[in-house]
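Taking it in order: structure first as structure tokens, then the write-up.
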Number of protein chains: 2
Amino acid sequence: MDKFAKSLIKEAAGRIRSSFSSELVVESKSAANDLVTNIDKETEQFFIKQIKKEFPDQRILGEEGFGDEISHLNGYIWILDPIDGTMNFIHQKKNFAISLGIYKDGVGLLGYIYNVMDDDLISATLGEGAFFNDIRIPLLTDGLLGQAIIGINTSWVLPNKYLEHEGIVKLLQKVRGTRSYGSAAIEIGYVVTGRLDAYMSMRLSPWDIAGGMVIANEVGAIVTTLSNHPINLLVQNTFIVARPVVHSEILDEYVRVK
Amino acid sequence: MDKFAKSLIKEAAGRIRSSFSSELVVESKSAANDLVTNIDKETEQFFIKQIKKEFPDQRILGEEGFGDEISHLNGYIWILDPIDGTMNFIHQKKNFAISLGIYKDGVGLLGYIYNVMDDDLISATLGEGAFFNDIRIPLLTDGLLGQAIIGINTSWVLPNKYLEHEGIVKLLQKVRGTRSYGSAAIEIGYVVTGRLDAYMSMRLSPWDIAGGMVIANEVGAIVTTLSNHPINLLVQNTFIVARPVVHSEILDEYVRVK
């Protein structure tokens, strides 16, 4: 199943790359919007067709909605985002990813984050560790929040309906720096490889995080909602993935969900 | 001079890459701090030695201070940042750049931004256009601020001593999205290739921007201080680089320098 999933991801990525014209810069954003819609849909349909051919009894939950209606997590489920980081896809032609998690009875078995343009695949198998391409990713060590770089969007600092923004302001004054890359999958990939110490988001869908959660689990990163509850893969969630101590310090001291 | 500069940059980058251990994750940030200090210094000294050998009468302004004291812009000056994005260098082992601008009597002749780990070189020659590796970069078209993605750090949204932050809050509510990559050179590189529509910073040094300014000029990006004045390469400046219409709209409507 792991080999099959990897070959599907690489083939889908090749199709996405070849859809780009040779122009370096996306000049027309409205035309690009049409483009991305088509490629998102085509890529998801490609995955579904191949998966259903190989595993006809397994279900698929995809962002574009061509998969199954999912109301429970029994059996095998493939949870897929064909293009995570759509705005980057349109504006940058890079910094987007294919995200895929394969779950059985709610337990993550296989996880993949594939940075399409960088050709970097992060993958994990339950109980067997995680890999960045062919390199084993070491277990994350604890980190100090004062030395941390966290992935967070500027919109958090403004008054919003999800969180008390005053706590976030204090958090930003505490940490060493912030980054924002515009793709949940890529930012989760940065946390599991130690390039960010935490990544937080106010609202993510199952397909944004299902692959990353399997990987996070294998490297010792902690994943919860911002209320410190387990993620429910049937609904949208608030989200944090972080090194262990950084995770608890952020949630205990700085985050207040409304 | 262009060929010589490019070969120096590539050789310096090779030395930086080989300084990394094969470990994927930087585990000890304090040890990493020592590492980066040494590599910054060694890289600058390498450049200076080679430039002085080839062009003994030309001056060099470098971040680490091994070059010349620069109090005027007469003659040839090489303005160098051996590692722009030091925190990324330490924490991520990627997303940092060598930035180099070569000026004569204050006029930018040659500019380079080299993303060391991605092996991507953006370069420009006065009057001859700009290139991403071997691909000519097209002139930037105008953009709409409401569709723009801008590079800006979260710290801007908090009260600060440089700008009225209320205007920045309004700006963030107006644009389509924000990103933050942690390297001025890389973010300028994103603007000149159309991947960001603007990049702003409260305080940059000449070596952060000298190379990027030459490139920006060749693709029609506008570079000024946040007070809409020309950049003075002898001092630190506030900074914005953007597509033409986006540049004027941001400065006219949203930025108030204290």
Taking segment A:46-68 and keeping residues among the hydrophobic types (A, V, I, L, M, F, W, C) and either touching a Lys or Arg at 6+ places or on another chain (Cβ under 6 Å) or in a helix (DSSP H, G or I) (or both) leaves A:PHE46, A:PHE47, A:ILE48, A:ILE51
Are any of the residues in segment A:214-229 of a type in the set (S, T, N, Q), at negative phi and part of a loop (DSSP other than H, G, I, E, B)?
yes
Given (1) within 23 Å of B:THR141 (Cβ to Cβ); (2) touching a Lys or Arg at 6+ places or on another chain (Cβ under 9 Å), number of the condition B:THR178 does not satisfy:
(2)
Give me the pairs, please: first residue somewhere in segment B:110-122 and in the same structural domain as B:GLY85 (by TED's automatic domain parsing), second residue anywhere and of a type in the set (Phe, Trp, Tyr) and open to solvent by 10 Å² or more (accessible area, probe 1.4 Å), beta-carbon distance under 6 Å, and either six or more positions apart or on two chains.
B:ILE122/B:PHE132
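Yes/no matrix, rows are residues, columns are (1) of a type in the set (D, E, K, R); (2) more than 30 Å from B:GLU44 (Cα to Cα); (3) in contact with a strand residue (DSSP E or B) (Cβ under 7 Å, 6 or more places away or on another chain):
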{"site": "B:ILE98", "(1), (2), (3)": "no, no, yes"}
{"site": "B:GLY101", "(1), (2), (3)": "no, no, yes"}
{"site": "B:LYS104", "(1), (2), (3)": "yes, no, yes"}
{"site": "B:LEU109", "(1), (2), (3)": "no, no, yes"}
{"site": "B:ILE113", "(1), (2), (3)": "no, no, yes"}
{"site": "B:ASP119", "(1), (2), (3)": "yes, no, no"}
{"site": "B:ILE122", "(1), (2), (3)": "no, no, yes"}
{"site": "B:LEU126", "(1), (2), (3)": "no, no, yes"}
{"site": "B:VAL157", "(1), (2), (3)": "no, yes, no"}
Specify the residue that is farthest from the other protein chains (Cβ to nearest Cβ); the eligible residues are those in segment B:73-85 that are β-branched (Val, Ile, Thr) and more than 30 Å from A:GLY146 (Cβ to Cβ).
B:ILE77
Spot the failing condition for A:ARG203; the list is (1) open to solvent by 10 Å² or more (accessible area, probe 1.4 Å); (2) over 18 Å from A:SER99 (Cα atoms); (3) part of a strand (DSSP E or B), and only one is missed.
(2)
Select from segment A:86-139 the residues that are of a type in the set (Val, Ile, Thr) and part of a loop (DSSP other than H, G, I, E, B) and write down the one among them that is farthest from the other protein chains (Cβ to nearest Cβ).
A:VAL116
Taking segment B:166-181 on its own, how many of its residues are open to solvent by less than 30 Å² (accessible area, probe 1.4 Å) and touching a residue at least 60 places away in the same chain (Cβ under 8 Å)?
4
Kindly list the number of the only condition in (1) at the interface with another protein chain (Cβ under 8 Å from one of its Cβ atoms); (2) open to solvent by less than 20 Å² (accessible area, probe 1.4 Å); (3) modelled with pLDDT of 95 or more; (4) out of contact with any Lys or Arg (no Cβ under 8 Å at 6 or more places or on another chain) that fails for A:LEU158.
(3)
Based on what the data block shows, is A:VAL169 hydrophobic (A, V, I, L, M, F, W, C), part of a helix (DSSP H, G or I) and closer than 28 Å to B:LYS170 by Cα?
yes
Residues being among the aliphatic types (A, V, I, L, M), at the interface with another protein chain (Cβ under 9 Å from one of its Cβ atoms) and either part of a strand (DSSP E or B) or closer than 17 Å to A:VAL257 by Cα (or both) - total across segment A:140-155
2
Looking for something more than 12 Å from every other protein chain (Cβ to nearest Cβ), under 19 Å from the mean Cα position of the chain (by Cα) and assigned to a strand (DSSP E or B) - is there at least one such residue anywhere in segment A:173-193?
no
Filter segment B:41-67 down to residues that are more than 18 Å from the chain's Cα centre (by Cα), closer than 25 Å to B:VAL116 by Cα and open to solvent by 50 Å² or more (accessible area, probe 1.4 Å) and give me whichever is nearest to the other protein chains (Cβ to nearest Cβ).
B:LYS41
Among the residues of segment B:155-165, are any in contact (Cβ under 8 Å) with a residue 40 or more places away in the chain, farther than 21 Å from A:LEU158 by Cβ and in contact with a helix residue (DSSP H, G or I) (Cβ under 8 Å, 6 or more places away or on another chain)?
no
The condition of being open to solvent by less than 30 Å² (accessible area, probe 1.4 Å) and in a strand (DSSP E or B) holds, among B:ILE240, B:ILE250, only for B:ILE240
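The values are calculated or read from the model by the stated rules, or taken from the named source; none is laboratory data. What you are looking at is a predicted structure, and each value in this text was computed from that prediction instead of being measured. All Cβ positions, even for glycine, are placed from backbone atoms using ideal geometry, and neighbour counts span all protein chains on display. Remember, those area values only see protein heavy atoms, side chains included, never the ligands or the DNA or RNA. Shrake-Rupley method; radii C 1.70, N 1.55, O 1.52, S 1.80 Å.
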